[in-house]
Each structure stands twice: as structure tokens, then as C-alpha cells.
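*Asks:* Got a structure for you, questions after.
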Amino acid sequence: MQNMETVFFDLYGTLIRIHTDEEDLTRVWKPLCYLFGYYGAAYTPQTLRTAYRREITRQENAVRAATGKTLVEVRLEGVFGALFAQKGATVPPGTLAEVGRMLRACSTDVSELYPGAIGLLDALRGAGKRVFLLSNAQRLFTEPEMRRLGLWERFDKVFISSDHGIKKPDPDYFRLALGAAGVSPERCLMVGNSPVDDMAPARALGIRTCFLNTDGVTPPPCDVYCDGADYARLLRAVLA
């Protein structure tokens, strides 16, 4: 695969080992309802969690109706702004971002790099390959997570679904990355851990694929298979 010029990476489950739980009323929604209360928006943990889910669904349905797209991504800043507005409260944009980061921090059990992730990206760039991120995520907390782990500055281009309103496996999301790469699909490689979100749409567009089986699932069709985050195997395949 020495003719590969650009490598697209998924993030969570591919470079970052992550486990989150947004269900816990005591750990997640109780502190958040206090934070909302500081700004004049009175909720209980249960009513805040319910309102949050309902507002995401409402905004997603509005975007689907307006665009005809099915796989849409709304920005959580807009969701939180609506939740404050429902209680007659208005807060500045920076506060909305902090609410999102608090939600993420309270709901995260594990957020750490797979061993060798930094070395992998550095080795690819050192060999003259460009590395792009193609993630289903929210910028308001994904960028800080990546900066904390030393990933942010190691990408030539970052695509985060909340910035674009669509998400994998929508082929148009992959086409955004292909357009930025400026090369034919067969000169690109998609690295990810999801058969549905990463492997299938990439292959349909002619992008080569590397599957990292970090979840112990049945392997999908792919060009390179790695049992877990086997970055050494990936590097051998790309640089050999």
C-alpha cells in the first residue's frame, strides 16, 4: 500500500479507548441540573435528562425535514441553549460549551489512548503520508479531549460531524474528506473499528480499508485486518 497518500482515521475505538454513560441520574444529571439552576433554569435530574433527549430528537427531525438527510448531527450547544430558553434563561456561548464539557466529564469512565497511537500517527506523517480525522463527535468536547491526549496537532485535517451536520456512514461525509485530500479514493485508506460506519461506506466509494477489531466483533470485508489496535500490523501494511 505504498501508493496510499492519505489515511483517514476514526477516533473513538480506533485511537482513543472510550467508555461513557449518560444515563446515571446521580453522577451526571444531578450536577448538571445544579449548573442549570445557577443560571436560572430550574430542572430536576430526571426532567433535565428527559428534556435533553427530547430536544435532540426535535432538532434532528427539523434538520432531516429541511435537508432530506437521515444521518444528521446537531450541535449540542444549540440543544443546551434551547434547554435554558425553555426556562426563560439566556447564557453566553462559552457557557453552553462548558455545560457540554461538564456532561462529557461527568459521564466518562475511560478516555485514554490505545498504546502506540501517537507513534502510529508520527510514523505515518514521517513517511510522508497525510493523516485526516473523520469522526462522529461533538467538537465542544472532542477537541479538548484530543488536545489533552496529544492528538490534535498530529492531524493534517480534522473532520468532526457536529461541524458539518452529517455523520458516518453518510457517503457525503466521506466525500468531504476525499475532496480535501484531493486524490483518488484508491490512494486513501480508512482506518476504523466500525463495520457499518467506517468499513462499508468507505469500500462503497473505492477507499481502501483497515479494520481494527477493538470490540471483538465479526470482521467485515476489508483490505487489512488488525486484531485489536495492532498498529504495527497497520504500519507494515501501509509502508511495506
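*Asks:* For the structure I just gave you, tell me whether LEU124 is part of a helix (DSSP H, G or I) and touching a strand residue (DSSP E or B) at 6+ places or on another chain (Cβ under 7 Å).
*Replies:* Working: part of a helix (DSSP H, G or I): yes; touching a strand residue (DSSP E or B) at 6+ places or on another chain (Cβ under 7 Å): yes.
Considered against the rule, which asks whether it is part of a helix (DSSP H, G or I) and touching a strand residue (DSSP E or B) at 6+ places or on another chain (Cβ under 7 Å), LEU124 comes out as yes.
*Asks:* For the stretch 188-207, which residues satisfy the criterion of being assigned to a helix (DSSP H, G or I) and touching a residue at least 40 places away in the same chain (Cβ under 8 Å)? Show your work before the answer.
*Replies:* Step one: list which residues in the stretch 188-207 are assigned to a helix (DSSP H, G or I), which gives 195-204.
Within the stretch 188-207, ASP197, ASP198, ALA202 qualify.
*Asks:* Out of all the residues in the stretch 86-102, which are in contact (Cβ under 8 Å) with a residue 12 or more places away in the chain and not charged (D, E, K, R)? Outline the logic, then answer.
*Replies:* Taking the stretch 86-102 and keeping what is in contact (Cβ under 8 Å) with a residue 12 or more places away in the chain, we get 86-89, 91, 93, 95-97, 99-102.
If the condition is that a residue be in contact (Cβ under 8 Å) with a residue 12 or more places away in the chain and not charged (D, E, K, R), then GLN86, GLY88, ALA89, VAL91, PRO93, THR95, LEU96, ALA97, VAL99, GLY100, MET102 are the ones that fit.
*Asks:* For residues in the stretch 162-214 being of a type in the set (Lys, Arg) and farther than 22 Å from LEU121 by Cβ, which is surrounded by the fewest Cβ atoms within 10 Å (Cβ to Cβ)? It would help to see each step written out before you state the result.
*Replies:* Pass one, the stretch 162-214, residues of a type in the set (Lys, Arg): 167-168, 175, 187, 203, 208.
Filter again for farther than 22 Å from LEU121 by Cβ, leaving 167, 175, 203.
Working: LYS167: 19, ARG175: 13, ARG203: 17.
Here the answer is ARG175.
*Asks:* Moving to a separate point now. Take VAL7 and decide whether it is under 23 Å from the mean Cα position of the chain (by Cα) and surrounded by 17 or more Cβ atoms within 10 Å (Cβ to Cβ). Break it down into steps so the answer makes sense when it comes.
*Replies:* On the way: under 23 Å from the mean Cα position of the chain (by Cα): yes; surrounded by 17 or more Cβ atoms within 10 Å (Cβ to Cβ): yes.
For VAL7, the condition - under 23 Å from the mean Cα position of the chain (by Cα) and surrounded by 17 or more Cβ atoms within 10 Å (Cβ to Cβ) - is met.
*Asks:* State whether one or more residues within the stretch 136-155 are modelled with pLDDT of 95 or more, closer than 28 Å to ARG64 by Cα, touching a strand residue (DSSP E or B) at 6+ places or on another chain (Cβ under 8 Å) and assigned to a strand (DSSP E or B).
*Replies:* no
*Asks:* Is it true that some residue in the stretch 83-95 is modelled with pLDDT of 95 or more and closer than 26 Å to VAL196 by Cα?
*Replies:* no
*Asks:* Filter the stretch 208-226 down to the residues that are of a type outside the set (Ser, Thr, Tyr), touching a Lys or Arg at 6+ places or on another chain (Cβ under 8 Å) and not in a strand (DSSP E or B) and list them by number. Spell out the reasoning first.
*Replies:* Restricting attention to the stretch 208-226, the residues satisfying the condition of being of a type outside the set (Ser, Thr, Tyr) are 208, 210-213, 215-217, 219-224, 226.
Right, trim to touching a Lys or Arg at 6+ places or on another chain (Cβ under 8 Å) and you get 221-224, 226.
PRO221, CYS222, ASP223 - these are the residues of the stretch 208-226 that are of a type outside the set (Ser, Thr, Tyr), touching a Lys or Arg at 6+ places or on another chain (Cβ under 8 Å) and not in a strand (DSSP E or B).
*Asks:* If you don't mind, there's one more thing I want to ask. Picking from ALA105, ALA41, ALA82, ALA51, which residue would you name as being open to solvent by 30 Å² or more (accessible area, probe 1.4 Å) and either touching a residue at least 40 places away in the same chain (Cβ under 8 Å) or in a helix (DSSP H, G or I) (or both)? Full working, then the answer.
*Replies:* On the way: ALA41 fails: open to solvent by 30 Å² or more (accessible area, probe 1.4 Å); ALA82 fails: open to solvent by 30 Å² or more (accessible area, probe 1.4 Å); ALA51 fails: open to solvent by 30 Å² or more (accessible area, probe 1.4 Å).
Going through ALA105, ALA41, ALA82, ALA51 in turn, just one is open to solvent by 30 Å² or more (accessible area, probe 1.4 Å) and either touching a residue at least 40 places away in the same chain (Cβ under 8 Å) or in a helix (DSSP H, G or I) (or both): ALA105.
*Asks:* Looking only at residues that are in contact with a helix residue (DSSP H, G or I) (Cβ under 8 Å, 6 or more places away or on another chain) and over 21 Å from GLY206 (Cβ atoms) in the stretch 228-238, which one is surrounded by the fewest Cβ atoms within 10 Å (Cβ to Cβ)?
*Replies:* Taking the stretch 228-238 as the starting set, the residues that turn out to be in contact with a helix residue (DSSP H, G or I) (Cβ under 8 Å, 6 or more places away or on another chain) are 229, 231, 234-235, 238.
So of that shortlist, the ones also over 21 Å from GLY206 (Cβ atoms) come out as 229, 231, 235.
On the way: ALA229: 22, TYR231: 22, LEU235: 16.
Among those that are in contact with a helix residue (DSSP H, G or I) (Cβ under 8 Å, 6 or more places away or on another chain) and over 21 Å from GLY206 (Cβ atoms), it is LEU235.
*Asks:* Next up: Tell me yes or no: at least one residue of the stretch 111-121 is free of Cβ contacts under 8 Å to residues at least 24 places away in the same chain and either in contact with a Leu (Cβ under 7 Å, 6 or more places away or on another chain) or open to solvent by 40 Å² or more (accessible area, probe 1.4 Å) (or both).
*Replies:* Keep residues of the stretch 111-121 that are free of Cβ contacts under 8 Å to residues at least 24 places away in the same chain, which gives none.
Scanning the stretch 111-121, I find no residue that is free of Cβ contacts under 8 Å to residues at least 24 places away in the same chain and either in contact with a Leu (Cβ under 7 Å, 6 or more places away or on another chain) or open to solvent by 40 Å² or more (accessible area, probe 1.4 Å) (or both), so the answer is no.
*Asks:* State yes or no: is LEU134 open to solvent by less than 20 Å² (accessible area, probe 1.4 Å) and more than 20 Å from PRO31 (Cα to Cα)?
*Replies:* Details: open to solvent by less than 20 Å² (accessible area, probe 1.4 Å): yes; more than 20 Å from PRO31 (Cα to Cα): yes.
Criteria met by LEU134.
*Asks:* Which one of LYS69, LYS30 is surrounded by 15 or more Cβ atoms within 10 Å (Cβ to Cβ), more than 20 Å from the chain's Cα centre (by Cα) and basic (Lys, Arg)? Let's see the steps before the verdict.
*Replies:* On the way: LYS69 fails: more than 20 Å from the chain's Cα centre (by Cα).
Residue meeting the stated conditions: LYS30.
The values are calculated or read from the model by the stated rules, or taken from the named source; none is laboratory data. Bear in mind the structure is a predicted one, so any value in this text is a computation, not a measurement. Reconstructed Cβ throughout: ideal geometry from the backbone, glycine too, with neighbour counts over all protein chains shown. For accessibility, only protein heavy atoms count, side chains too; no ligands or nucleic acids. Shrake-Rupley method; radii C 1.70, N 1.55, O 1.52, S 1.80 Å.
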